[in-house]
Amino acid sequence: MKNDELYGQLGDLIRGRRRKLTLTQQAVAARIGISRASLANIETGRQKVLVHQLYALAAALNLAPSDLLPPVTASESSQDWTALPLPDDLKLEQKKQIARLVNAAQVEPQRRYEGTMTHGSRHDPALCARNLLERLDIRNILIPVDKIARAVGAQVIFSPLDDELSGMVFVKEDQTIIGVNSLHHPNRQRFTISHEIGHLELHRQFISTHIHVDKRFTVLMRDIHSTTGTARVEIEANRFASELLMPEWAVQRVLEQTEIDIDDDEAITVLARKFRVSRQAFQYRLMNFFS
Ligand SMILES: [Zn+2]
């Protein structure tokens, strides 16, 4: 990769992430002790970043420094992405990003995924999620999704992906990999990880033959029984994720403490924060809770 290209890509990553977090150039620049003009130049690739600035930038953007390093392009890499069972509908660049993520996974044979499916709950994603929480003895309102992912034997890897991609899951021999777009908002990442755990628990056969890549989770709560095929698989994983992050008992507990109007956006936002989910995700959960 040429130097100009490298700094250009670094700038794009920084700008994209800053906007995602709705931070101004002024705010980020102040936090890392440079002028707004310098940050503007860094974002356009005109100014070269020093190593200590890269660390400060990563901290200000709530990322690991390595997340800001542009990937080595496939032509420069020995990793063969064409050998992986990737979905056909991805763009070339997206395929390379997913391949890089899969290839970054460590081989951890001791963490082989055995499946934790409680017998009989396969057809009820919500019940399946509640059973998993119970089995892991999780009772706090703030659900530790990373811990749950590890408990079911998955390695969670954060890597910068195209904005359209939320994450992926794949079971490959001894490895179970959950990939998350490191550039997305932390709440969205929590939903992504939960959705992928849902696939692991509910659709194992499906994700051991192909890498399952998730784009936007547009349809959250459509009626499971009215749909078939791929859409149904996604709705089931969403239903699972929703229940995992906002289990019935937790929603109940929160609602006992506060009286809310489902149309009061501000009140919903405050409650969503308790669960570290988006307002939309919490709203859908409530609709489901009351139906
Ligand atoms: Zn999915």
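The values are calculated or read from the model by the stated rules, or taken from the named source; none is laboratory data. What you see is a predicted model, and the numbers here were worked out from it, not measured in a lab. Here Cβ is always computed from backbone atoms with ideal geometry, including for glycine, and neighbour counts include all displayed protein chains.
Taking the numbered list (1) under 23 Å from GLN189 (Cα atoms); (2) assigned to a loop (DSSP other than H, G, I, E, B) in turn, LEU271 passes all entries but (2). Among the residues in segment 150-173, are any among the β-branched types (Val, Ile, Thr), in a helix (DSSP H, G or I) and within 16 Å of the ligand (Cβ to nearest atom)? Within segment 150-173 (the criterion being among the β-branched types (Val, Ile, Thr), in a helix (DSSP H, G or I) and within 16 Å of the ligand (Cβ to nearest atom)), the answer is no, since none of the residues qualifies. Restricting ILE235, ILE193 to residues that are assigned by TED's automatic domain parsing to the domain that holds HIS123, within 16 Å of the ligand (Cβ to nearest atom) and modelled with pLDDT of 90 or more narrows the list to ILE193. Within segment 149-164, being without any contact (Cβ under 8 Å) to a residue 40 or more places away in the chain and over 18 Å from ALA99 (Cβ atoms) holds for ARG150, ALA151. Contact map, segment 196-209: residues that are within 19 Å of LEU245 (Cα to Cα) and within 9 Å of the ligand (Cβ to nearest atom) paired with residues that are among the acidic types (Asp, Glu) and assigned to a helix (DSSP H, G or I), Cβ distance under 7 Å, separation 6+ or inter-chain. Pairs shown: GLY198/GLU236.
Taking the residues in segment 13-64 that are small (Gly, Ala, Ser) and either in contact (Cβ under 8 Å) with a residue 40 or more places away in the chain or not in a helix (DSSP H, G or I) (or both) as candidates, determine which candidate is nearest to LEU183 (Cα to Cα). Among residues in segment 13-64 that are small (Gly, Ala, Ser) and either in contact (Cβ under 8 Å) with a residue 40 or more places away in the chain or not in a helix (DSSP H, G or I) (or both), the one nearest to LEU183 (Cα to Cα) is GLY16. Read through the list (1) buried (at least 16 other Cβ atoms within 10 Å of the Cβ); (2) hydrophobic (A, V, I, L, M, F, W, C); (3) modelled with pLDDT of 80 or more, then give the number of the only condition that ALA74 fails. Only one criterion in (1) buried (at least 16 other Cβ atoms within 10 Å of the Cβ); (2) hydrophobic (A, V, I, L, M, F, W, C); (3) modelled with pLDDT of 80 or more is unmet by ALA74, namely (3).
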